[in-house]
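Here is the structure we will look at.
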Amino acid sequence: DEDRKNTEEYIEDLLQSAELTPSFKLIQNSVLRVILDRYPSRFTHNAIEFQTDIQYSRFAFVAYEDIVTLSLNALDHTFEACDGLPIYTENRFVALSVHCHNRMVLIRVKNSKGNMINENDDELMTTKDDDGTHGIGVKNMRRIAQLYDGDIYYQYSKTQFELLITLTIPPAHIK
């Protein structure tokens, strides 16, 4: 469709014009590669350590828009949680890992935090003042994960938050 073609052309232009971070050059999915490449300088500039362990990066079975929604929501939320900590705080970090076990893709994002977590009926609620325009990100991530026979799970402590997104690779996409 036309939107997908435009997205692909835009991504290709970014790939041609950008100096990609060496550790992300081997990521097979171009959308994920471009998105991830935008974060190291943002995190470093804000004194947040960014650790990655990307063992799976094909994502051929996931629509571009879904990759964008999952990755931007997850990384933007972690950035906001870390950026809310005082700059002198030790362990301002974000750790992203992507692995595949059998047919299950596991995307784990762990970060330091200082904010309180709001829940209602096991759903994360926004902590932002203007909750009318916020709080849709986690719902969208869950909806997308469920489209791919997966889900999202989270756990947290006073100082850390961990998000796990699972996606099931359809048999036709197994290599």
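Summary of computed values
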quantity: Computed label-point distance, nm, for sites SER157 and ALA60 using a 7 Å Cα→Cβ extension; calculated: 4.1
quantity: Per-residue HN-Hα couplings for region 33-39 [Karplus 6.51, -1.76, 1.60; θ = phi - 60°; Hz; x = Gly/Pro]; calculated: 4, 5, 4, 4, 5, 7, 8
quantity: Integer Hz, Karplus 6.51/-1.76/1.60 couplings in order for region 148-159, x for Gly and Pro; calculated: 9, 6, x, 6, 10, 9, 8, 8, 7, 10, 5, 10
quantity: For ARG92, residues with placed amide H under 5 Å, excluding near neighbours; calculated: GLU49
quantity: In nm, spacing of pseudo-spin labels at HIS173 and GLN51 (7 Å Cα→C-beta vector); calculated: 2.8
quantity: Ranked packing of 74-85, 148-159, 163-174, most packed first, by mean Cβ within 10 Å; calculated: 74-85, 163-174, 148-159
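Values quoted throughout were computed directly from the atomic coordinates according to the rules given, and no laboratory measurement underlies them. Predicted model only: the values in this text are computed from it and were never measured. Backbone-built Cβ (ideal geometry, glycine too); neighbour counts: all protein chains shown.
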